[in-house]
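These notes are about the structure you will find just below.
The values are calculated or read from the model by the stated rules, or taken from the named source; none is laboratory data. Just so we're clear, the structure is a prediction, and the values are computed from it rather than from any experiment. Neighbour counts are summed over all protein chains in view; Cβ atoms, including those assigned to glycine, are modelled from backbone coordinates with ideal geometry.
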Amino acid sequence: MNALGQHILVEFLGCDPDVLNEVTTIEQGMLEAADRANATIINSTFHYFSPYGVSGVVVVQESHLAVHTWPEYQYAAVDLFTCGDTVDPWKAFDHLKNVFKAQNYSALETWRGSLNLLKRIDFNPGEMREELKRYMQQGRIERNVWLTDKDENIALSLRHSGEVLYNERSPYQHVKVLDTYAFGKTLTIDNMIMCTEVDEFHYHEMMTHPVMLAHGNVKKALVVGGGDGGVVREILRHAQVEKVTMVEIDEKVVEASRKFLPQIAAAFDNSKLDLIIGDGIKFVAEATDNSYDLIVVDSTDPIGPAKGLFSTEFYRNCHRILNENGMLVVQGEAPRFNEKTFTEIHQTLKDIFGNNKAHVMLFHVPTYPTGVWSGQIGSKGKVDPRVIDIDKARAFSERHGLRYYSPEVHQASFVLPPYVKKMLGQK
């Protein structure tokens, strides 16, 4: 070879969009491509960008293989650059064409570093070369695979092992469980983070205990969504509860949580739980008036099957089936992430429950966009969710070993910063 390197720039067209949106499939395909090309793999770094797109590179001793995908265009741009006579990047090309299920392609091959134009000098890196030998003898391949949950302006990235513990598509959504380094096993829906082992209690405790302890006598509760099981687990810590009905549209979410997040799904076999796989909107619409003391709407963001859970009609039906002293708490989005939905929920609850019967609490969830999330509450009767028996609340928190909720956190969560009050039209 009369050059230092062989460089192939490839455009794969008409690819399978599902493959192009699977970071683990692409990383594995790229590693296999490097191996088939007879390259020596050093490490890999791959990022998934929600809602779609993957970018990554496999660093090899002989240079690199890089990719970026656009699933929405069924297109992948690939860069194969190798040095030396023992590596054949065209074998990597052939493998990636099959992995991406490309219907067409274009490829441009060029030779880099023409030896006719270069002059070699006497350069001996010494200790650096010996360090590289020790590194290679250990057979180490460092993998850097990332899930990035983002919108147009905000992103959160978590590094994970690259292995997908659970990977199923339902008629409604794509459900996965990944093993992240910082937050443990992580449940995602359509590649958006739903909950993690490390911080799930922030959300689940605050979506339940403030309203439960303020009410003081919840016996019949309805949970709409909540397929991971965390909300049900927290409700059933309260001894006076007689029955919890949970309506989750996607059995795959329940299955994933049972298998890989058992500490969150711990209450699924409780005899007080009636678990229904079905449409929560339809269930609420058909439910009998004055049926429940508490309704918790633990939904995803207002897209896909969850969109109807943010409608005025749905909230009116929730109000109808609450008893005279009943309470509704809904996943209320974040003031700095989805301001429009955040403020619309509050206004809708004010319109339905009354100006002084709609409340907002804020709490910290590290793996949710911006780190600050809300629970929004509608109180049908005289219960004010801000008012609790502090001694009873503290005793409950200590007895159950709660890790986020406390009487002080309860009261503080309703103290809104001025910028949030302004959003909500409060003085």
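Can you name the residue in region 1-23 that is surrounded by fewer than 16 Cβ atoms within 10 Å (Cβ to Cβ) and in contact (Cβ under 8 Å) with a residue 60 or more places away in the chain and, of all such residues, is nearest to Val60 (Cα to Cα)?
Applying the filter and picking the extreme gives Leu4.
If we scan region 59-78, do we find a residue that is aromatic (Phe, Trp, Tyr) and free of Cβ contacts under 8 Å to residues at least 60 places away in the same chain? Explain how you work it out, then say what you get.
Let us first name the residues in region 59-78 that are aromatic (Phe, Trp, Tyr), namely 70, 73, 75.
After this cut, where a residue has to be free of Cβ contacts under 8 Å to residues at least 60 places away in the same chain as well, the list is 70, 73.
Looking for residues that are aromatic (Phe, Trp, Tyr) and free of Cβ contacts under 8 Å to residues at least 60 places away in the same chain, one finds at least one in region 59-78, hence yes.
Within the bounds of region 228-242, is there any residue that is assigned to a strand (DSSP E or B), buried (at least 24 other Cβ atoms within 10 Å of the Cβ) and not polar (S, T, N, Q)? Step through it out loud before you land on a result.
Looking only at region 228-242, we keep the residues that are assigned to a strand (DSSP E or B), and these are none.
No; the residues of region 228-242 include none that is assigned to a strand (DSSP E or B), buried (at least 24 other Cβ atoms within 10 Å of the Cβ) and not polar (S, T, N, Q).
Looking at Ser170, is it among the small types (Gly, Ala, Ser) and touching a Phe, Trp or Tyr at 6+ places or on another chain (Cβ under 8 Å)? First the steps, then the outcome.
On the way: among the small types (Gly, Ala, Ser): yes; touching a Phe, Trp or Tyr at 6+ places or on another chain (Cβ under 8 Å): no.
No, not satisfied.
Looking only at region 254-272, count how many residues are within 9 Å of Gly229 (Cβ to Cβ) and either more than 20 Å from the chain's Cα centre (by Cα) or not in a loop (DSSP other than H, G, I, E, B) (or both).
Matching residues across region 254-272 total 6.
Filter region 15-36 for residues that are over 25 Å from Val175 (Cα atoms) and touching a strand residue (DSSP E or B) at 6+ places or on another chain (Cβ under 9 Å) and give the result.
Of the residues in region 15-36, the ones over 25 Å from Val175 (Cα atoms) are 32-36.
Hits for region 15-36 are Ala33, Ala34, Asp35.
Show the residue pairs that are 6+ apart or on different chains and have beta-carbon atoms under 8 Å apart, the first residue being within region 107-123 and in contact (Cβ under 8 Å) with a residue 24 or more places away in the chain and surrounded by 10 or more Cβ atoms within 10 Å (Cβ to Cβ), the second being of a type outside the set (Ser, Thr, Tyr) and not in a strand (DSSP E or B).
Ala107/Phe93; Trp111/Met1; Trp111/Asn2; Ser114/Asn2; Leu115/Asn2
Condition first: closer than 30 Å to Asp289 by Cα and hydroxyl-bearing (Ser, Thr, Tyr). Now tell me which residues in region 163-221 satisfy that. Give the steps one after another, and end with the answer.
Of all residues in region 163-221, those closer than 30 Å to Asp289 by Cα come to 172, 203-221.
Tyr172, Tyr203, Thr208, listed by residue number.
Scan region 268-321 for residues that are of a type in the set (Val, Ile, Thr) and modelled with pLDDT of 95 or more and jot them down.
Initially, region 268-321 is screened for residues of a type in the set (Val, Ile, Thr), giving 276-277, 281, 284, 288, 295-297, 300, 303, 312, 321.
Correct list: Ile276, Ile277, Val284, Thr288, Ile295, Val296, Val297, Ile321.
Within region 24-38, identify whether any single residue is within 32 Å of the chain's Cα centre (by Cα), farther than 27 Å from Trp111 by Cα and surrounded by 19 or more Cβ atoms within 10 Å (Cβ to Cβ), and answer yes or no.
Yes: one or more hits.
When Val67 is evaluated against the numbered criteria (1) surrounded by fewer than 20 Cβ atoms within 10 Å (Cβ to Cβ); (2) assigned to a strand (DSSP E or B), which criterion, by number, is the only one it fails?
(1)
Quick one: in region 182-227, of everything that is assigned to a strand (DSSP E or B) and under 15 Å from Val297 (Cβ atoms), which residue is farthest from the chain's Cα centre (by Cα)?
From region 182-227, those assigned to a strand (DSSP E or B) are 184-189, 192-196, 220-225; that's our starting set.
Filter again for under 15 Å from Val297 (Cβ atoms), leaving 194, 221-225.
Values: Met194: 4, Ala221: 26, Leu222: 24, Val223: 20, Val224: 19, Gly225: 15 Å.
Checked region 182-227; the qualifying residue farthest from the chain's Cα centre (by Cα) is Ala221.
Would you be able to say whether some residue in region 276-299 is in a strand (DSSP E or B), in contact with a helix residue (DSSP H, G or I) (Cβ under 7 Å, 6 or more places away or on another chain) and of a type in the set (Asp, Glu)?
yes
For the structure I just gave you, tell me whether Lys101 is closer than 26 Å to Arg169 by Cβ, among the charged types (D, E, K, R), surrounded by fewer than 19 Cβ atoms within 10 Å (Cβ to Cβ) and in contact (Cβ under 8 Å) with a residue 12 or more places away in the chain. Reasoning before the result, please.
On the way: closer than 26 Å to Arg169 by Cβ: yes; among the charged types (D, E, K, R): yes; surrounded by fewer than 19 Cβ atoms within 10 Å (Cβ to Cβ): yes; in contact (Cβ under 8 Å) with a residue 12 or more places away in the chain: yes.
Against the criterion (closer than 26 Å to Arg169 by Cβ, among the charged types (D, E, K, R), surrounded by fewer than 19 Cβ atoms within 10 Å (Cβ to Cβ) and in contact (Cβ under 8 Å) with a residue 12 or more places away in the chain), Lys101 qualifies.
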